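Below is one structure, written out as structure tokens; the observations come after it.
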Amino acid sequence: MKNKKVVYSTKWITYTAILTALVAATGYIPAITTPIGRIYWVDGMVLIAAYLTDPLSAFIAGGLGSLIYDIFASPAMMIPSLLIHGLQGATVSALLHFVLPSFFKKTEWIKALICSLAGALIVVLGYFIYRTVTSGAEYAFTQIPRNVLQEAIGISAAMVLCYVTTLKKRLANARLLPDFKNEMLQNSAAEPEKSANRAEF
């Protein structure tokens, strides 16, 4: 798919669609019941999308995936989920792939952890603001511990899946990950043979 400036590879489109579907599906995994509330798994999947893809793809996967889940589970939360989890995914991906220094390359999991904490802050503050506006500050404060715990669990799950199991490294070595620096976003004037395998609209 291309516009005047960029070309999006078929692999990029496929990854974005799959990750969006996985974020939506993850919402249906039974929540963990704790004394401070129910803990959901969506944040972990949003972070995985951020670890594997670029900020735009991570925004779509996190935001649209959460919105799709909320259409059926909690329609009132559709727009807040779209914005909060979309920003979570995009921010983590941007920090991980473009902002933090390259000396973390051999220990990328450290950089991913730092970026994930920034994403967690967005989620905790985002839902706090939303609940303050809709239900009052007193209720919003009571939900902070649940959101913090949910982020901790989500970060742990995503880190284990992508880095402890070396899933991301294996996908990269097998060239199964989109290379968004060279493949996802290219000048639309790229040579025809280089864009022959790309879906164009």
*So how far apart, in nm, are the two label points at Met78 and Arg175 if each is 7 Å from Cα heading toward Cβ?*
4.2 nm
*Modelled label-to-label distance, Ser135 and Ala25, 7 Å Cα→beta-carbon offset: nm?*
3.0 nm
*Net charge dipole size for segment 83-184 [Lys, Arg +1 and Asp, Glu -1 on Cβ; Debye, nearest 20]*: 400 debye
*Leaving out ligands and nucleic acids, note down the accessible area per residue over segment 69-173 with a 1.4 angstrom probe, in whole Å².*
54 Å²
_Net charge dipole size for segment 1-157 [Lys, Arg +1 and Asp, Glu -1 on Cβ; Debye, nearest 20]_ = 480 debye
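The values are calculated or read from the model by the stated rules, or taken from the named source; none is laboratory data. Nothing here was measured: the structure is a model prediction, and the numbers come from that model. Because the Cβ atoms are built from the backbone with ideal geometry, glycine has one as well, and the counts that use them run over all protein chains shown. All accessible areas refer to the heavy atoms of the entire protein, side chains included, with ligands and DNA or RNA removed. Shrake-Rupley method; radii C 1.70, N 1.55, O 1.52, S 1.80 Å.
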